[in-house]
Structure formats: structure tokens, C-alpha cells
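Data block below; observations after.
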Amino acid sequence: MKIEYEEINGLLYPKLALPPQKEVSLTRFGRKRLQYLKQYRPIVYTNLLINGELNEHLQMIDDEANVLYDRLIEQYKIKLLFCKWVVIIRLFTRFRAHCISISHSFWRQNCHFYKF
């Protein structure tokens, strides 16, 4: 591989260019991964960037995280639905017990032949 140089003010600078990368649209997970790589793993970030693998890497992380997030949300919906039914059943049994106690006290007060 031959490196070409450019002279600026008497100094030679190498003409370096990154390989072309495909455009990707990232959600928050891909953007967070990019931020993490830049801040905490600069060498990995630079290697991925120079090799032209950064966008592919970010897209892969983004897709996997979105799949996991969607699965987690579905599980949460099921759990939430189950919890709502449990609350409804508890309220119904308390209401029923309250109605039965009202009914018993009514019969006790108004009907002398009613025995418990």
C-alpha cells in the first residue's frame, strides 16, 4: 500500500481517508453505545472507525437491544395485566365479604327467626 503525501507550509502530511461506510439510523441504544465507545473505549472506537466497521457494529448493537427491549416490554405488559386481575379479584372478594356481612347484620336485626 502506497501512501501519498501532501505538502503544506514545507511539511509533508499523509493523505489519509476513511473507507466508505454505509449510513445507518440509530435509536437511543446505538447512540448510547457510540457515546460509551468514545468515552470509555477510545481504542476500540478508533479501530472500528478505521476498519470501517463502526456503523455495522452500532447497527448490530442497536438491533439486539431493541429486540430485548421489545421482549421486556411484552413481559411487563403480561405481568401488569396479571397484577390488575389479582387486584380486581381481591377487590371483588372484599366487596363480596362486605356485602355478606351487611346482609347478615340486616337479617339479624330484622328477622328474629334467622339464625347463623
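FYI, it's all coordinate maths here, none of it is from the lab. A quick note: this is a predicted structure, and the numbers were derived from the prediction, not measured. Cβ atoms come from the backbone with ideal geometry, glycine included; neighbour counts cover every protein chain shown.
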**Asked** In this structure, is LEU49 surrounded by 10 or more Cβ atoms within 10 Å (Cβ to Cβ), touching a residue at least 24 places away in the same chain (Cβ under 8 Å) and either of a type outside the set (Asp, Glu) or in a helix (DSSP H, G or I) (or both)?
**Response** yes
Taking region 26-46 and the residues there that are hydroxyl-bearing (Ser, Thr, Tyr) and loosely packed, with under 13 Cβ neighbours inside 10 Å, the one that is nearest to LEU16 (Cα to Cα) would be TYR40
Considering residues that are part of a loop (DSSP other than H, G, I, E, B), within 19 Å of the chain's Cα centre (by Cα) and not small (Gly, Ala, Ser), the number found within region 1-46 is 2
